[in-house]
Amino acid sequence: MRRDKTPPWVLVALLLAGIAAPFLFPAYILQIAILWIMVMFAVTWDIMGGQMGYNSLGNITFFGVGMYITGLVQVGLFTDIGPYTSARGGEQLVLNHADYFYGLLLGLAAASVGCAILAVLIGQTMFGLRGAYFAIGTLGIALSARELFGTWEWVGGGSGIALPVYPGYPDEKSQIFYWLCFVLAILAFMFVRWLYSTRFGLAINAIRDDEDKAEAMGIHTNRHKSFAWSVSAFFLGISGGLFGNMTGFVEPAEVAFPVVTFGIFMVAMSLLGGKGTLWGPVIGAVLFHVVKETTWTYFLGWQWIALGVIIIVNVVFFQQGIMGWLIMKFPERFGIAVDRSGSRDGGAQ
Amino acid sequence: MTVKSIEVRGVSKAYGGVIANREISLEVEEGSITGLIGPNGSGKTTLFNSIVGYHPIDEGEILFEGQPIQKLKVQKIARLGLLRTFQQTRIYSKMNCVDNMLISIPHRTAGWRDMLTPYSADDLDRAKNLLEFVGLYEKRNLISGELSFGQQKLLEFAMALMNRPKVLLLDEPTAGINPTLINGLIDRLLLANSEFGITLFVIEHNMRVIMNLAEKVYCLAHGELLAAGPPNEIQNDQRVIDAYLGAH
Amino acid sequence: MLVNFSLLIQAPLLNVQLMLDGLFIGAIFALAAYGLALVWGVMNVKNLAQGEFVIMGGYIAWYMGTLGIHPILALPVAAVLMFGFGWVLYVTIIRRVIARDLFTSLLATFGIALVIQQALNLAFGPAVQSAHSGFEIRSFFDGMVTVADIKFVSFGLCVLLAGAVVLFMKRSRMGQAIRATAQDARAAKVMGIDTERVYAFTYSLNCAICGAAGVLVSMIWVIQPFYGVPHSIRAFVIVTAAGLGNLPGVILAGLGLGLAEQYSGFVLGAQFQQATVVGLLVIVLIWRQYLLIKHRQVVR
């Protein structure tokens with residue numbers, strides 16, 4: 001069994017770092033909040049991509065749909081959506097504290113559940129696709145979602161929806177959303193950590209290694225696939241809602257469905273840290289985001305080319321990622337060894 | 001009266017224009033060890049695949065414990081307790097042996113909630129016992145893809161036993177196994193049958209193995225059933241000898 | 001939406017216009033898709049940079065146009081340059097991903113696509129461009145249907161190119177080696193075919209085909225650094241719909257996609273043209289899956 005054997009102090013240290021960060025670097029609170037979203041992105045992508053071998057290029061769909069659901073609930077609770085969006089963001093909804101948080105929480109709840117259900121539904125048409133077809137199919141889903149929301153006038157079409165204004169000071173808003181992102185990432189990580197310790201964890205590994213064999217052994221493959229994707233979608237939906245509110249504005253191409261930025265980042269981060277491991281995506285996300293945020297401006301317009309090169313180099317030369325490399329280098333540390341302590345008594349039952 | 005475990009009635013299967021199985025009928029009795037032989041390309045594996053629901057059949061009927069299963073899918077059939085191993089051994093090559101065993105626990109009654117429970121100590125114990133049974137206990141923490149071919153084959157067999165099947169369809173269990181180990185494997189197959197009460201249906205090329213194992217042998221040639229009977233009878237059947245010696 | 005639809009019925013000549021435009025552009029889609037089918041079938045590399053190669057070819061034609069050279073003359077230049085580019089890509093990157101799992105080649109070529117897009121953007125800016133052929137625009141039916149001469153020329157060139165590639169695959173030694181490798185790489189290797197060279201050649205040939213297709217695109221349509229993605233998706237739609245190694249299927253699917261885009265663009269509005277392409281991708285995948293499910297198989 002693969003219960004995670006990380007010493008508890010690592011987790012505690014991580015928690016403390018997350019709690020201390022906004023006090024140590026108050027100027028970068030937004031970037032650190034996004035770091036937590038990135039961690040959540042990588043960890044949830046890895047459920048399907050790393051542990052189950054279903055490499056999705058379209059997980060960003062749930063981020064965007066979650067953002068729209070949250071936004072529509074927040075707006076729809078207090079005014080008519082159609083006329084509001086047709087004003088093209090000319091006016092923003094102003095609410096009091098109670099109404100704002102009521103709308104936000106209801107929106108996030110709707111987004112999480114809605115996205116989880118959506119994942120199950122889309123999954124029924126996509127899970128028959130294997131390997132690269134699944135990747136292309138999910139990419140198609142994400143692009144379709146972007147086009148769909150871009151042409152849907154009721155939700156604002158290409159020009160989007162302005163979300164309710166935060167009823168307080170901007171600093172207070174950053175704080176609130178920092179804590180929400182932080183809690184979300186920790187919850188996602190702990191939930192996934194627990195998942196991998198159950199039968200579910202091994203079953204999705206089995207699907208990755210040989211799905212035909214898993215079927216021949218009677219594993220409920222569709223059930224596992226549906227659940228895996230809906231877990232990802234659940235957290236992605238919430239993160240979309242949070243990110244939309246942090247931006248204050250939902251728009252299909254750049255904010256809700258950033259297919260080639262966030263959508264690819266989550267894959268790149270998991271690969272960098274080592275896909276198919278619990279800690280790999282976390283390490284990858286932190287490394288990727290910190291390096292990106294600190295060096296981005298020095299590339300003088302070449303940053304996107306650098307990103308492409310990083311993806312290529314990562315995939316071609318360092319596919320096992322940091323954790324994968326460690327396991328290869330020190331297999332005994334991870335319990336991969338011949339046990340010569342003698343055979344058991346008993347033999348056949 | 002003997003109870004029929006698997007009944008195949010008039011099953012035909014064609015790939016494009018090639019007829020792989022033509023109106024095959026046979027029976028596997030509960031608790032028995034039944035052999036299936038035939039030259040290469042005679043349709044043995046196709047028949048196995050039809051029985052376990054790997055592909056739809058064109059005609060005929062397949063019954064498992066009296067229940068028609070030809071419309072069911074692979075997983076459903078496996079959960080009924082009808083399991084197969086593959087000719088090209090298939091294991092979960094990136095996991096260690098113990099995990100390979102644990103994942104193979106029966107899923108007959110597994111509900112949604114079982115998915116999220118950990119494995120019981122009992123499961124772990126059984127996994128280790130069965131690894132001991134096939135002689136892989138020492139290698140239990142190694143990644144299974146790095147085992148030798150023969151060891152992988154043994155692991156696959158142990159995984160099948162872990163699943164507590166009622167019937168096990170074995171596709172060439174001794175192919176690629178070191179001849180000195182074959183006797184040990186035969187013993188284990190017989191034990192699986194007598195101790196665990198698993199009905200075995202075995203494709204085998206090695207005549208010595210099938211003579212030692214099976215109580216009844218079916219012989220296929222050109223996709224049709226050629227002969228059936230006890231092994232020594234089949235061995236001396238002129239039609240079978242002709243088929244094997246390439247009189248076609 | 002319905003207004004546009006009834007317009008089509010009231011003025012049947014509009015259909016002629018749409019169909020001609022659809023066929024002219026569809027032929028080019030088919031050409032690029034054939035290149036994808038080639039690398040997919042031979043090397044099992046799903047090339048997500050397909051559209052970027054097309055756009056690169058387009059920019060070669062456009063750039064030569066700014067130097068005063070006619071874009072048709074850019075066709076051989078683009079093909080040769082892209083062939084060389086393909087070879088470089090193969091030696092540096094693709095060679096290392098062929099034997100890996102499919103997602104690796106997909107992501108690696110995605111990375112290549114990203115680099116090409118951004119490099120083009122840095123070099124030429126985000127403006128929409130097109131190569132000017134200077135040919136006349138011809139009117140039919142009292143101006144109801146207008147077709148630029150260059151579209152006929154492009155169609156002819158497209159057919160010519162496709163014919164040349166098919167002939168090459170059938171007759172030349174390299175073509176035969178490519179087909180042998182596609183069927184069974186190991187057997188081909190045992191028989192003394194240098195499969196490494198075959199792979200390099202196939203990938204480069206694909207780049208050359210795309211480059212040539214890109215020249216045609218720039219002459220009859222528009223190019224922009226980020227317009228490669230829809231071209232890639234189109235190629236995937238066509239190959240997925242037609243299946244590998246099915247040349248008539250690729251041509252039919254290519255022309256069909258061209259028509260579908262023109263009609264949806266007209267009936268639903270121009271903003272739906274993009275949506276049609278990605279929508280078709282999803283539909284084609286689901287449809288193929290549905291066909292296979294009957295045989296209890298999966299799409300892999």
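Below are the figures for this structure:
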| item | result |
| --- | --- |
| Single residue of the range A:264-294 satisfying the filter (of a type outside the set (A, V, I, L, M, F, W, C) and outside any helix (DSSP H, G or I)) that is nearest to the other protein chains (Cβ to nearest Cβ) | A:GLY276 |
| From C:PHE272, C:PHE266, residue being of a type in the set (Phe, Trp, Tyr), touching a Leu at 6+ places or on another chain (Cβ under 9 Å) and surrounded by fewer than 24 Cβ atoms within 10 Å (Cβ to Cβ) | C:PHE266 |
| Residue list for the range A:314-324, restricted to those being within 10 Å of another protein chain (Cβ to nearest Cβ) and part of a helix (DSSP H, G or I) | A:ASN314, A:VAL315, A:VAL316, A:PHE317 |
| Filter pass, C:PHE110 being closer than 22 Å to A:LEU271 by Cα, in a helix (DSSP H, G or I) and among the aromatic types (Phe, Trp, Tyr) | yes |
| Qualifying residue in the range C:198-206 (condition: within 14 Å of chain A (Cβ to nearest Cβ) and either free of Cβ contacts under 8 Å to residues at least 12 places away in the same chain or aromatic (Phe, Trp, Tyr) (or both)) | no |
| Condition met for A:ILE238 (facing chain B (nearest Cβ under 7 Å), buried (at least 24 other Cβ atoms within 10 Å of the Cβ) and at pLDDT 90 or above) | no |
| Residue pairs meeting the criteria (Cβ under 7 Å; at least 6 apart or on separate chains; first of a type in the set (Phe, Trp, Tyr), in the range B:113-141; second outside any helix (DSSP H, G or I)) | B:TYR119/A:MET1; B:PHE133/A:GLY347; B:PHE133/A:ALA348; B:TYR137/A:SER343; B:TYR137/A:ARG344 |
| Any chance B:GLN88 is surrounded by fewer than 17 Cβ atoms within 10 Å (Cβ to Cβ), under 24 Å from B:LEU131 (Cα atoms) and either free of Cβ contacts under 8 Å to residues at least 12 places away in the same chain or not assigned by TED's automatic domain parsing to the domain that holds B:LEU142 (or both) | yes |
| Subset tally (residues that are in a helix (DSSP H, G or I), hydroxyl-bearing (Ser, Thr, Tyr) and within 13 Å of B:SER32 (Cα to Cα)) for the range B:190-248 | 1 |
| The one condition in (1) surrounded by 21 or more Cβ atoms within 10 Å (Cβ to Cβ); (2) over 30 Å from B:ILE103 (Cβ atoms) that A:GLY284 fails to fulfil | (2) |
| Test set (1) away from chain C (no Cβ under 14 Å); (2) under 22 Å from A:PHE262 (Cβ atoms); (3) modelled with pLDDT of 90 or more - A:LEU143 fails condition number | (1) |
| The lone exception for A:PRO252 - which of (1) within 13 Å of chain C (Cβ to nearest Cβ); (2) under 27 Å from C:VAL97 (Cβ atoms); (3) at pLDDT 85 or above; (4) crowded, with 20+ Cβ neighbours inside 10 Å it fails | (2) |
| Filter pass, B:LEU161 being assigned to a strand (DSSP E or B) and at pLDDT 90 or above | no |
| Filter result (more than 7 Å from every other protein chain (Cβ to nearest Cβ), in a helix (DSSP H, G or I) and not polar (S, T, N, Q)) within the range A:295-313 | A:TRP296, A:TYR298, A:PHE299, A:ALA306, A:ILE310, A:VAL313 |
| Condition met for A:ASP171 (within 14 Å of another protein chain (Cβ to nearest Cβ) and either surrounded by fewer than 18 Cβ atoms within 10 Å (Cβ to Cβ) or out of contact with any strand residue (DSSP E or B) (no Cβ under 7 Å at 6 or more places or on another chain) (or both)) | no |
| Unique match (being within 14 Å of chain A (Cβ to nearest Cβ), assigned to a helix (DSSP H, G or I), in contact with a Lys or Arg (Cβ under 9 Å, 6 or more places away or on another chain) and β-branched (Val, Ile, Thr)) among C:VAL284, C:VAL229, C:VAL277, C:VAL267 | C:VAL277 |
| Inter-residue pairs, beta-carbon under 9 Å, first among the aromatic types (Phe, Trp, Tyr) and in the range C:36-50, second in a helix (DSSP H, G or I) and crowded, with 23+ Cβ neighbours inside 10 Å, 6+ apart | C:TRP40/C:VAL239 |
| Options B:ASN96, B:ASN100: the member that is at the interface with another protein chain (Cβ under 8 Å from one of its Cβ atoms) and touching a residue at least 40 places away in the same chain (Cβ under 8 Å) | B:ASN96 |
| Residues located in the range C:83-108, provided they are under 21 Å from the mean Cα position of the chain (by Cα) and away from chain A (no Cβ under 12 Å) | C:PHE83, C:GLY84, C:PHE85, C:GLY86, C:TRP87, C:VAL88, C:TYR90 |
| Residue satisfying all of: in the range B:103-141; of a type in the set (Val, Ile, Thr) and surrounded by 15 or more Cβ atoms within 10 Å (Cβ to Cβ); nearest to the other protein chains (Cβ to nearest Cβ) among these | B:ILE103 |
| Within the range B:142-153, considering residues that are free of Cβ contacts under 8 Å to residues at least 40 places away in the same chain and within 20 Å of the chain's Cα centre (by Cα), the one farthest from the other protein chains (Cβ to nearest Cβ) | B:GLY150 |
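The values are calculated or read from the model by the stated rules, or taken from the named source; none is laboratory data. Owing to the predicted nature of the structure, the values given are computational and were not obtained by experimental measurement. Ideal geometry is used to build each Cβ from the backbone, glycine not excepted, and the neighbour counts take in all protein chains shown.
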